[in-house]
Structure formats: structure tokens, C-alpha cells
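Visitor: Have a look at this one before I ask anything.
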Amino acid sequence: VFILQVLKWFLSFSKTKLNSKEKLAALERQIFDFLGFQWAPILGNFLQIIVVILGLFGTIQFRPRYIVVYTVWTALWVTWNVFIICFYLEVGGLSKETDLMTFNISMHRSWWREHGPGCIRRVVRPSSPGILEDYSYVSVTGCIIDFQYLEVIHSAIQILLSLIGFVCACYVISIFMEEEDSCRSK
């Protein structure tokens, strides 16, 4: 029993470290999605942060149902990130030029489009009458890596962390269930 307690503590500790990395990655992504006014990813990131906290709470408080919710959400989160990868790589008829990520509310795109590493941004104001003053054409040159690949890298990191979290969560659930079964049989 003592060995099980130590193992659970260790798993809880390692799960805490993993959840911290997942939360940090989701928070970083949330910030850049806010800068780009991408409302669909903002909503997804918000839910990810909430469910990761719920999973962390379930691990610390020995509540397997919360960890199951985290596990199910993780599968959905991986699916969402695969969709984002397909979206930015324009797989299957998807186009990164659509307003899908902004819910057709604004004309904003990925923040990385204009602010990527090495990008030189030049704003050209419209000279035609009748065009809104705040509307401008932005020319971006010299990027070290294109914005769509940065978005793909972000999603790939999210998938990697989520898959590690999924495996750890499944293992913690199995340990909790084994202990619960051993307590019932006594």
C-alpha cells in the first residue's frame, strides 16, 4: 500500500509538471490568437486551459471522473489541432485565406502573418477616396519562416503535449481504479 501511495504521488507530481507545460503552451497560444483576433482558436484555448486545470485537480484530489473528462477532451483537442494543421497547410479544400478562424466577424488573420521572425512589415495607406481611413494594405517581406508553418508548429507542440498527457491520464485512471477495486475486495 505504501508503494502504491508513493507511486501515486510520483505520478501526480509528474502529471502536475506536464499539466503546467500544457497550460503554459495553451496560454502562449491564447495570447497570439488574441493578437490576431482569431475567435475560434481563442475559444478552444480557453476550454483547453479550463480542462487541464480540471485534470490537474482530479489528479491531486484522486477524482478519476475529472481525469476521464480531461482524457476525452484531450482526444477532442488533438482532433482540433489536426484540423488547424490541415487548415494552414490547405489540405482537403481548406484555405487559410478564409475567415473561418474569426467566425467571419473580422478580416484579421494569424498574428504571425505580419509579425513572424525576421518579417519586415510595411503599411501602405489607401489613397482612393471612399475607402475607410483605418483600412490599409500591409506588405510583409523577409520572413525567416512563413506564418502557416509557425501555426503548424504550435499545433504540433499542442498535439505532442496532449498525447503525453493522454497516456499519463490513462495510466493514473488505471491506478486509481486498481486501488478502488482492491479497497472494495477487502
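Please treat every number below as a calculation from the coordinates, not as lab data. Just so it is clear, the model here is predicted, and its values are computed rather than measured. Here Cβ is always computed from backbone atoms with ideal geometry, including for glycine, and neighbour counts include all displayed protein chains.
Visitor: FRET efficiency for SER174 and LEU76, Cβ-Cβ distance as r, R0 = 22 Å, nearest 0.05? Each step should come with its number before you reach the end.
Guide: Values: r = 21 Å, r/R0 = 0.96.
For R0 = 22 Å, the calculated efficiency reads 0.55.
Visitor: Related question: Under a Cβ-Cβ cut-off of 13 Å, what is the net charge of the residues other than GLY142 that fall near it, where Lys and Arg count +1 and Asp and Glu count -1? Write out the running numbers ahead of the final one.
Guide: Working: positive: ARG121, ARG122; negative: GLU114, ASP146.
Charge balance near GLY142 sits at 0.
Visitor: Here's another thing I want to ask about it. Counting Lys and Arg as +1 and Asp and Glu as -1, what is the net charge of the other residues whose Cβ lies under 11 Å from the Cβ of LEU54? It would help to have the intermediate numbers written out before the result.
Guide: Values: positive: ARG63, ARG65; negative: none.
Counting the neighbours of LEU54, the net charge comes to +2.
Visitor: Given a Förster distance of 45 angstrom, what is the FRET efficiency for VAL68 paired with LYS96, based on the Cβ-Cβ distance and rounded to 0.05? Numbers along the way, then the final one.
Guide: Working: r = 35 Å, r/R0 = 0.77.
E between VAL68 and LYS96, to the nearest 0.05, is 0.80.
Visitor: Also, quick follow-up: Please list 3J(HN,Hα) in residue order for the range 148-158, calculated via the Karplus relation 6.51 cos²θ - 1.76 cosθ + 1.60 where θ = phi - 60°; whole Hz, with x for glycine and proline.
Guide: 5, 6, 5, 5, 5, 4, 4, 5, 5, 5, 4
Visitor: Hey, another quick one. Full extension from PHE46 to ILE120: what is 0.36 nm times the residue separation minus their Cα-Cα distance, to one decimal in nm? Intermediate values should be presented prior to the final figure.
Guide: On the way: separation 74, 0.36 × 74 = 26.64 nm, distance 3.09 nm.
So the chain would gain 23.5 nm between PHE46 and ILE120.
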